[in-house]
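To start, the structure under review is shown below, and the notes come after it.
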Amino acid sequence: MASGRRPLIAANWKMNGLKSDGVALAQAVAAWAKSAGAALRGEVLVSPPATLIDAVSAALTGSPVQLGGQDCHAQPSGAFTGDISAAMLKDLGASHVILGHSERRTLHGETDDQVKAKVAAARSVGLVAIVCVGETEAQRDAGDTLAVIVRQIDGSIPSEATATEIVVAYEPVWAIGTGRTPTLAEIVEVHKAIRARLAARIPGGDAVRILYGGSVKPSNAPEVLALADVDGALVGGASLKADDFFAIVNALPQA
Ligand code: PEP
């Protein structure tokens, strides 16, 4: 992790949690982060399903834990049944929104253009967009990883975005929820390429935080979070277990 960028551990709860267990988990994270105080080694964020955002927002009040959505629509309002807007997330206390997650790209057919429009919507209301990029296993096997990542960055991030408005999450599709991870050298190679591309496209691009995501757990977090240009993690499955999530946050290197 390079100096100057405050690390971020972001939880992606995906489509998990009813009101009672979601609120209990949020309360546990809030209490833990509050008691850690100045010893907290980075920023902490939870992204519950849309149904829990309001209740989780209340549970996080007074704690340093930030709140994110898992998606938003590109339009501010209108006839979009089932969707939610960036302003709606902001209205409930969210500061971030995950966009272009591979599950949305794959299962909902989201294109780079659509992700870019959503990032623009997030920017317009002051939400930080956590933009996910990552190659499939077939793309990695074909030697296309870096080309895919650069294409997704160029296609998904508006050129006028500034360094504080976005976070990039490198999430190899084949590593999400599988227990498999790239080698440390492979993570470094991709993060370095992302850093170079951001520096070329965005003023102050060196300040953009780049998270690694894909089967991060307490056992591999220390070595992953210590890598150059890894400024934190986007955590799915392990973020649903409070103790595992705390262990991952505690694995951040000391500033
Ligand atoms: C994710 O879906 O963003 C993710 C990183 O999932 P997991 O940690 O479960 O691989």
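Yes or no: the range 134-143 includes at least one residue that is open to solvent by less than 40 Å² (accessible area, probe 1.4 Å) and touching a strand residue (DSSP E or B) at 6+ places or on another chain (Cβ under 9 Å).
Scanning the range 134-143, I find at least one residue that is open to solvent by less than 40 Å² (accessible area, probe 1.4 Å) and touching a strand residue (DSSP E or B) at 6+ places or on another chain (Cβ under 9 Å), so the answer is yes.
So which pairs qualify, if the first residue must be in the range 99-124 and within 9 Å of residue 156 (Cβ to Cβ), the second must be within 16 Å of the ligand (Cβ to nearest atom) and among the hydroxyl-bearing types (Ser, Thr, Tyr), the Cβ gap must be under 7 Å, and the two must be at least 6 apart or on different chains?
100/156; 112/156; 115/156; 116/156; 119/156
What tally of residues in the range 168-215 results from selecting those that are on the phi > 0 side of the Ramachandran plot and either touching a residue at least 40 places away in the same chain (Cβ under 8 Å) or open to solvent by less than 10 Å² (accessible area, probe 1.4 Å) (or both)?
Adding up the residues that qualify gives 4.
Within the range 9-39, count every residue that is open to solvent by less than 30 Å² (accessible area, probe 1.4 Å) and touching a His at 6+ places or on another chain (Cβ under 9 Å).
2
How about the range 70-83: which of its residues are of a type outside the set (D, E, K, R) and crowded, with 18+ Cβ neighbours inside 10 Å?
70, 72, 73, 74
Name, by its number, the condition in (1) in contact with a Leu (Cβ under 9 Å, 6 or more places away or on another chain); (2) outside any loop (DSSP other than H, G, I, E, B); (3) open to solvent by 70 Å² or more (accessible area, probe 1.4 Å) that does not hold for residue 67.
(3)
Taking the range 70-101 on its own, how many of its residues are in a loop (DSSP other than H, G, I, E, B) and within 16 Å of the ligand (Cβ to nearest atom)?
So the count comes out to 4.
For the range 41-53, indicate whether the set of residues that are at pLDDT below 95 and either out of contact with any His (no Cβ under 7 Å at 6 or more places or on another chain) or not in a helix (DSSP H, G or I) (or both) is non-empty.
Within the range 41-53, one or more residues are at pLDDT below 95 and either out of contact with any His (no Cβ under 7 Å at 6 or more places or on another chain) or not in a helix (DSSP H, G or I) (or both).
May I ask you to say which residue of 138, 142, 147, 120 is modelled with pLDDT of 95 or more, aliphatic (A, V, I, L, M) and more than 17 Å from residue 172 (Cα to Cα)?
120
The values are calculated or read from the model by the stated rules, or taken from the named source; none is laboratory data. Values in this document were obtained by computation on a predicted structure and should not be read as measured data. Glycine also receives a Cβ, built like all others from the backbone with ideal geometry; neighbour counts cover every protein chain displayed. With ligands, DNA and RNA removed, areas are computed over all heavy atoms of the protein, side chains included. Shrake-Rupley method; radii C 1.70, N 1.55, O 1.52, S 1.80 Å.
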